[in-house]
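The values are calculated or read from the model by the stated rules, or taken from the named source; none is laboratory data. What you see is a predicted model; the values in this text were computed from it and never measured. Ideal geometry is used to build each Cβ from the backbone, glycine not excepted, and the neighbour counts take in all protein chains shown. Just so you know, the surface numbers come from the protein's heavy atoms only, side chains and all, with ligands and any DNA or RNA stripped out. Shrake-Rupley method; radii C 1.70, N 1.55, O 1.52, S 1.80 Å.
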Amino acid sequence: MNMATGMFRTSDGSVQVDYDGVSIPIPRSKYDKNGYKPNFDELPLEADYLAAQEKQRAADAKKHL
């Protein structure tokens, strides 16, 4: 079983976590308690994460033209 991985932190202090392809929000307390990686303070903010994802999608689309 793979360990869940933090994707980004939200403005309300929760963490979006990927569980083998399924993404759900959890409270920071549960994230820290379960020892998920990366550390909470290393996670990007949601807006930064989404902007980076969009930039990557655009770059991938250009490669396929």
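Just wondering, is there one or more residues in the stretch 31-54 that are of a type in the set (Ser, Thr, Tyr) and part of a helix (DSSP H, G or I)? Yes: one or more hits.
Taking first residues from the stretch 39-65 that are closer than 9 Å to Arg9 by Cα and partners that are among the basic types (Lys, Arg) and surrounded by 10 or more Cβ atoms within 10 Å (Cβ to Cβ), the Cβ contacts under 8 Å between residues at least 6 apart in sequence or on separate chains come to Phe40/Arg9; Phe40/Arg28; Leu43/Arg9; Pro44/Arg9; Leu45/Arg9; Glu46/Arg9.
For the stretch 40-52, the set of residues classified as open to solvent by 80 Å² or more (accessible area, probe 1.4 Å) and not aliphatic (A, V, I, L, M) consists of Asp41, Glu42, Asp48, listed by residue number. Looking across Gly21, Gly13, Gly6, one residue alone is among the small types (Gly, Ala, Ser), open to solvent by less than 50 Å² (accessible area, probe 1.4 Å) and modelled with pLDDT under 95. It is Gly13.
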